[in-house]
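Have a look at the structure below, then the notes.
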Amino acid sequence: MNRLYDSMEPRVIDDGMLKLAVGEQGPQEEAGELAKQEGILFKDVLSLQLDFRNILRIDNLWQFESLRKLQLDNNIIEKIEGLENLTHLVWLDLSFNNIETIEGLDTLVNLEDLSLFNNRISSIDSLDALVKLQVLSLGNNQIDNMMNIIYLRRFRCLRTLSLSGNPICEAEDYKMFICAYLPDLVYLDFRRIDDHTKEVAEAKHHYSIEELKHRENLMQARLEEEQARREELEKHKTAFVEHLNGSFLFDSMYAEDSEGNKLSSLPGVSELLEAYRDKFVIICVNIFEYGLKQQEKRKTELDTFNECVHEAIQENQEQGKRKIAKFEEKHLMSLSAIREELEMPNIEKMILECSTDISELFDALMTLEMQLVEQLEETINMFERNIVDLVGLFVENVQSLMAQCRDLENHHHEKVLEISISTLEKAIKGDLDEDLSEDVRALFVDKDTTVNAVGASHDIHLLKIDNREDELVTRINSWCTRLVDKIHRDEIMRNRKRVKEINLYIDHMKSELDNLEYSDILD
Amino acid sequence: MEVLREKVEEEEAAEREEAAERAEWARTEKMMRPVEVRKEETTLTQETLRDLEKKLSEIRIPVSAELPAFTKDIIDISMLPVSYKTNTPKEEQLLQLADNFSRQYSHLCPDRVPLFLHPLNECEVPKFVSTTLRPTLMPYPELYNWDSCAQFVSDFLTMVPLPDPLKPPSHLYSSTTVLKYQKGNCFDFSTLLCSMLIGSGYDAYCVNGYGSQDLCHMDLTREVCPLTVKPKETIKREEKVLPKKYTIRPPRDLCSRFEQEQEMKRQQEIRAQEEKRLKEEEERRMEAEKANPDALHGLRVHSWVLVLSGKREVPENFFIDPFTARSYSTQDEHFLGIESLWNHRNYWINMQDCWNCCKDLIFDLGDPVRWEYMLLGTDKPVLSLTEDYSGINDEDDVENLDKEDEDKSFDMPHSWVEQIEISPEAFETRCPNGKKVIPYKRAKLEKWAPYLNRNGLVSRLTTYEDLECTNILEIKEWYQSREDMLELKHINKTTGLKTDYFKPGHPHALRVHSYKSMQPEMDRVIEFYETARVDGLIKREETPGTMTEYYQGRSDFLSYRHADFGPRVKKLTLSSTESNPRPIVKITEQFLRNPAKPAEEDVAERVFLVAEERIQLRYHCREDHITASKREFLRRSEVDSKGNKIIMTPDMCITFEVEPMEHTKKLLYQYETLMHLKKEEKLSRHQVWESELEVLEILKLREEEEEVHTLTISIYDTKRNEKSKEYREAMERVMHEEHLRQVETQLDYLAPFLVQLPPGEKLTRWQAVRLKDECLSDFKQRLINKANLIQARFEKETQELQKKQQWYQENQVTLTPEDEDQYLSYCSQAMFRIRILEQRLNRHKELAPLKYLALEEKLHKDPRLGELLKMFT
């Protein structure tokens, strides 16, 4: 039973407690002595046991980054917290505590075994992140709603579940219900579920499960659809032509244009609008398709480039490896020769030879690397030129298409203006159609108002078009710059790394030779 | 050249006589069209020809005596069917036709050799060659294709040379006789082969022509053995990959072009010289190998098989030499000319010139200019529609039309030869006595029937260094159905290397075992079927001081293990039973990349220097690196200068890490690694030791297997499988007994009485009753007779006994002990007989009424009487 913490002194997880625990549970005997000498870093610890310590609050565990197994059972913990850093955790034992709600487990994606036995939990939730969960122990809690079981259906790997000692276990249907709703479960309350029970349970709850399944399937399908749509949009976005495969832009032009909407109710304007819309959409679709095509082109360009660079680097590495292998073979021979040699002058001569060998290797490797750097630089520059050209061409073409849009808009504007003027004339004459609404009538009081209204509508439209164009151009340009930057940066990084590697190796070889020298002298 | 001259002469003569004979020819011609002979310029004078003739007549042909002649005396003709001994009227007619044809032919072409049309068969009856062909499809699937067919014929028959190498034989035996005696000349060979090929659907023809000496004598000593020819390695040309758009430019070439060119020139010169030398050598060798010129070149008669394209997906015309079963192109220079050819339907004479061997011949049998046919059959090959079509003028066609009408009626009669049959035993044994030796150029091939040799040897190829076949180069022996799965044994005599090849299924999963001696710890290579082994071992190589093993597909990714052994330490108290393994100096193990581990933690190679107490580790190289991490552990002293135990010091482990990591610097980590490696070292040593033991075991097993060489017998092999034979015989016996019993139960009681009645009539009721009564009374009588018989015997026996007893009583005093013994034994025997008879009588008395009743019951139930009797009762 849960300890009452007023009868005992609650304790805090502090450095001393952790050190003690780590020391006790660490390596033993000879290895233990070594460990003591060196000290163990918390971040190297794989398993930690902190049971029966009257811990009230989980704290100070953030250093244990690589911890796999954590036991905090038989304490007086009230809240699951402070475990966010332990992302490698596979096994977590929090049984015999005073936890009331499940929480704070959202980062533990690797968790397979979770024990919350003998706590005060009343509902199962907040476990969504634990996709690998296999064993879940929730016995002796206060779970009283069967619907909690349905929540567990999402854990595909769940094989073992214990729920005994909860109010729901009183229900006569308890076992059957669980077997039916969790068909992959193998052990329930520490007992194997036999096939017969499974069949009976399934038969019993057949209809409700079918319904549930249907609902789940529908949900799944919807999710997939959503996903597909998102992916599609993402693809369009990478081509910088999203929402151009329809009337979206056109609609957005009129969305904020109150005057335009009012004007469209004028006789003749709606037909005009229809024609305008059709033409506009056609141009938009043109842009869209062109954009996708260009995206494809850029992609193949990039792929070829990557492939070629990769090949070049591989080839270069192979050469380097061959050189090193050859060197090592020779080096090993000469080292053993030096060891066996007795005459001091000879030894010195041989050591000298060795060191020249090493510097020769260094030169050779560095030459290779420099050569590769040069070659790659050339290739990268070529690629940069090509991709910038491609982008430029694309922008140019899109701009010309957009200009067509603007022309259409201008044309439409003129027409609308014409109609408006004529309507105004009519209005002045007083023979306006009766069926025009008050709002519209308000526009036709004098020439300025009318022209302004039409002009405002036109301005809004142009602004929209310009915005779209600007967005496209900026985005593609920034993409291009980023790409080129990244390629340059990567190449520099690669070069740095290789040079460092070569230096490290050469240093090691030299120090090995030096050591040999010293030891010889000492001998 | 002789053939050329002959031809020329022949043509000259033909030319001269052609005009004179035109008229007569036209009248007599029934089945032949005018023969057109190609005109050629003649350059030879009559004198030279005469000289030649003289020379030719002086040449004597040596007939090899060691080959047994296949004469008529051996053949038993008494058992042959009547079709062999007589001719049907149709055959007679055919023979007349053939005679007529032959006459016309010899008239028109007097200088060509007489046709080979109707040689005598084994019963001295002339038979037309086409009827000697008996198309037969063999019941063995192996004989469906031409190559296996030809191989069978060449294996099955022993070659007998022609009695006169310049003439076709006078006799042509039926294929059945040839098969029975398993020998024949080239005509017998090709007749049999042609029959089989036509039977399995080929467009095959027997050819009567001229062959080279090698061909006629089945002399393969100038041919390279097909088994020694190594298959040409197909050199895969690497496809040149088109340089991609962004392929990096190669670094600038700083070598002097001029120097390169000079170098190239020099190289070329050297190569040219080398080539020249090789060529000369080759020529010299060729010269040496070339046969002596044959005096009878072009005159030697040979018979072979021609297969025309079209049927059975044969793409090209080709020849098959029935002696050697080899196929030749129709251009091959072994074939020097064709006189005639025939299949089971027709007979064609070659009207083309053979001055250039068979190279210019066109095998379009529908072309009457090139091929003169004998029977105007409807199913002869149609002339192919090439430009030759214009060669036939329309008049001829019109003329021929009415002739065709007459002759169409005559078909080739059915073959007189009995069905060709090959028993399964003969088919399996193949060669006469199951053994055949074929000499080749620098090689000898021996073949045996399966199960003939106790050790399963089926063929052996011996390769020699020289043409005379004295110095053996290597021997290859093929085995079959051996229990140890040995398939091929290859012995190289020059290096002394022996290589055994195994089929899958050896208890040790052996695949190849090559060795020089069977002693352990010597040079040897053993390859395994790695899928059959748990440890995935592919190959184990041994030299006197090392052992190398190659693995594949292991879960620990071990791919290679190499062990160096030191010299054996002499033990002072060496007992023979105790094994004394050699000390291991060094073990090298290599591992493949384990994709589950990061490269810098995945060991690529570890070396245990056992003697120096050192362990070297080399890790795998990460994909973007060119250097690999290394680690070396030294285990020098366990105790430091002050006597304290050293657990681990930094100088015990020399590390090079490509990307230095924090945790690996710790002594704890190094200590744990070292402990782990120590364990591994122990395991590896144990493994090496076990491998050694396994080699010993394999060697022992191999020796045993060589000793015993048991052969496996398929359970379907009913003849050889003793177990199944016994079982089958037992089954047959049971069947036989069962049959006997059935016959007994079916014994008809009524039969003797039914016979008395008129047959075919239905029984009347009265007859039925009478029948029944008769039957019963007869049976009663028999029972009584039997009883009487037993009674009589019994009485006789008793009387005799009494007499004997009387006699004994009388002469009891004078009897010798022997007589007395005799008497006593007689008495006991007689008593026994009497007792038995008494028992029989009693039994008979008991059973007789029952038997009677049983018969009555049976008669009641008998379907023949039952109805009537039931009505009666």
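Each reported figure results from applying straightforward, stated rules to the coordinates on display, with no laboratory input. Not measured: the values here are computed from a predicted model. Counting neighbours? That spans all protein chains shown, and the Cβs are built from the backbone with ideal geometry, glycine included.
Points worth noting:
- Using only alpha-carbon positions in the stretch A:11-223, the gyration tensor eigenvalues give semi-axes of 38, 17, 16 Å once each is multiplied by 5 and square-rooted (largest first).
- Whole-Å distance, taken between Cα centres, linking the stretch B:244-262 and the stretch B:327-358: 60
- In a DSSP loop and with at most 16 other Cβ atoms within 10 Å, the chymotrypsin sites (Phe, Trp or Tyr not before Pro) in the stretch A:1-104 are A:Tyr5, A:Phe52, A:Trp62.
- Note on the stretch B:755-870: Kirkwood radius taken over Cα pairs, Stokes-Einstein applied at 37 °C and 0.692 mPa s, translational D equal to 182 µm² s⁻¹.
- Along the axis of the charge dipole computed for the protein assembly as shown (Cβ charges of +1 for Lys and Arg, -1 for Asp and Glu, origin at the Cα centre), the listed residues A:Met253, A:Leu365, B:Gln331 are led at the positive end by B:Gln331.
- The percentage of C-alpha pairs in chain A whose separation is greater than 33 Å is 71%.
- Simple spin-label estimate for B:Arg285 and A:Leu41 in nanometres, 7 Å along Cα-Cβ: 7.1
- Working note: Cα atoms of the protein assembly as shown, range along each principal axis, descending, whole Å: 146, 122, 115.
- Estimated FRET transfer efficiency when R0 is 35 angstrom, pair B:Asn100-B:Glu468 (beta carbons, to 0.05): 0.05
- Sequence-separation-based contact order of the stretch B:755-870, relative, with Cα cut under 8 Å and 6+ spacing, percent: 48
- Violating pairs (Cα-Cα greater than 23 angstrom) within the set A:Lys19/B:Lys679; B:Lys435/B:Lys516; A:Lys326/A:Lys500; A:Lys323/B:Lys539; A:Lys175/A:Lys213: A:Lys19/B:Lys679; B:Lys435/B:Lys516; A:Lys323/B:Lys539
- DSSP-loop trypsin sites (Lys or Arg not before Pro) across the stretch B:320-378, with at most 14 other Cβ within 10 angstrom: B:Lys359
- Among A:Leu218, B:Thr764, B:Leu192 - extreme Cα towards positive end, dipole of the protein assembly as shown, charges at beta-carbon: B:Thr764
- Two-site FRET efficiency, A:Ser270 against A:Glu396, from Cβ-Cβ distance with R₀ of 30 Å, rounded to 0.05: 0.30
- Within the stretch B:495-563, the proportion of C-alpha pairs whose separation exceeds 21 Å stands at 26%.
- For chain A, the share of DSSP beta bridges that are antiparallel, to the nearest 5, is 10%.
- Residue order, fewest to most beta carbons within 10 Å, for B:Ser303, B:Ser629: B:Ser629, B:Ser303
- Between A:Glu340 and B:Lys803, the simple spin-label model (points 7 angstrom out along Cα→Cβ) gives 11.7 nm.
- In order along the stretch B:667-675, the Karplus-derived 3J(HN,Hα) couplings, from 6.51 cos²θ - 1.76 cosθ + 1.60 at θ = phi - 60°, round to 5, 4, 4, 5, 4, 5, 4, 4, 4 Hz, and Gly and Pro are given as x.
- Taking the fewest neighbouring Cβ atoms within 10 Å as the starting point, the ordered list for A:Thr450, A:Thr367 is A:Thr367, A:Thr450.
- Fewest-first sequence of B:Cys469, B:Cys653, B:Cys206 by Cβ atoms within 10 Å of each Cβ: B:Cys469, B:Cys653, B:Cys206
- Listed pairs B:Lys597/B:Lys665; B:Lys436/B:Lys725; A:Lys510/B:Lys678 exceeding 26 Å between Cα atoms: B:Lys436/B:Lys725; A:Lys510/B:Lys678
- Whole-Hz Karplus values for the stretch A:503-509 come out as 4, 4, 4, 5, 4, 4, 4 Hz, taken residue by residue from phi with 6.51 cos²θ - 1.76 cosθ + 1.60 and θ = phi - 60°; glycine and proline positions read x.
- For the pair the stretch A:17-83 / the stretch A:390-454, the C-alpha centres are spaced 75 Å from each other.
- Filtered GluC sites (Glu not before Pro), the stretch B:293-352: DSSP coil and at most 10 other beta carbons within 10 Å: B:Glu316
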